[in-house]
Ligand code: FES
């Protein structure tokens, strides 16, 4: 389309000729900036007593948050994990979870509600129109931003309303305590439990299959017998944990075939007792080769020589199996003469 074909009403008027080059005055612009509505003062802006009331409400919410955090910690300490309560309409739920959820939720809610109320009633609500500007800031702009920031800080009354400021600091500082307290759920420290088993001097060796105390005559050459400490019963609540450390295997070897002097001394007439827990990653050892006196762990094929201090002759295990020192009681039963001399199980040595 040539310039002759442009409708006359679309051509610049004589008035537009006064505009800068390239710009045309727009008539009846439907997208014209309507401007900001006139600012209306809030009650808190003109009445210091109303401002004080708002300040107290905000402070109350922050204090409530602090109390909720304290209640969270108290609930964590005081309520037993197994206790349940009835909450309508949910039904029976864990009292501890309910208390922790409610108190932590209230602590966080109060901080948020206090901050919102503070912003809506006390901070400046003057709307400011700011023209778009180049992304690259001039030094003068930076100085203005800094001045605006300082003015904003002043208008938020953060420095002036010390009660709000201090209670906010308190509430925000205390909320993380809830997370720190929860770290306790990682469980009590094991202390020296990993270093000890249920074996101690005088404990009889009981056959795990017959539940009868073992006599030396019960251990035949070439057989592998599994034993547990007397007093440890299958129906005990902690049976698995106890046996996870105390599981024992017994073999009888001709004394002249035993190469390790300490092994011979810690046994009884060629009967030697070793931990059944593999020193690789803790599988139960269960395969015995009577000609060679080797025992094999089925998990990763670590092989231990029971005629030579149960040292590792093959596989990934890094340590010999711990030996239990045994003897015979006055009644003729096999008994432990103490606990294992070293921790049983997988590579506990390296961990300290
Ligand atoms: S657990 Fe025994 S070899 Fe891996």
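Results, tabulated for the structure shown:
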item: Odd one out for residue 324 among (1) more than 16 Å from the ligand (Cβ to nearest atom); (2) modelled with pLDDT of 95 or more; (3) within 18 Å of residue 220 (Cα to Cα); result: (3)
item: Matching residues in region 178-211 - criterion: being without any contact (Cβ under 8 Å) to a residue 60 or more places away in the chain and within 30 Å of residue 333 (Cβ to Cβ); result: 192, 193, 198, 206, 207, 208, 209, 210, 211
item: Sole exception among (1) within 16 Å of the ligand (Cβ to nearest atom); (2) buried (at least 21 other Cβ atoms within 10 Å of the Cβ); (3) part of a loop (DSSP other than H, G, I, E, B) for residue 340, by number; result: (1)
item: Verdict on residue 168 being touching a helix residue (DSSP H, G or I) at 6+ places or on another chain (Cβ under 7 Å), surrounded by fewer than 18 Cβ atoms within 10 Å (Cβ to Cβ), assigned to a helix (DSSP H, G or I) and touching a residue at least 12 places away in the same chain (Cβ under 8 Å); result: no
item: Number of the exception - residue 280 against (1) near the ligand (Cβ under 10 Å from one of its atoms); (2) modelled with pLDDT of 95 or more; (3) over 16 Å from residue 258 (Cα atoms); result: (2)
item: Selection from region 304-321 of residues that are within 12 Å of the ligand (Cβ to nearest atom) and not in a loop (DSSP other than H, G, I, E, B); result: 304, 312, 314
item: Residue identified as more than 16 Å from the ligand (Cβ to nearest atom) and touching a strand residue (DSSP E or B) at 6+ places or on another chain (Cβ under 8 Å) among 229, 255; result: 229
item: Failed item in (1) at pLDDT 95 or above; (2) farther than 25 Å from residue 190 by Cα, with residue 274 passing the rest; result: (2)
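The values are calculated or read from the model by the stated rules, or taken from the named source; none is laboratory data. Fair warning: this is a prediction, and the values are worked out from it, not measured in the lab. Every residue, glycine among them, receives a Cβ derived from its backbone with ideal geometry; neighbour counts consider all protein chains shown.
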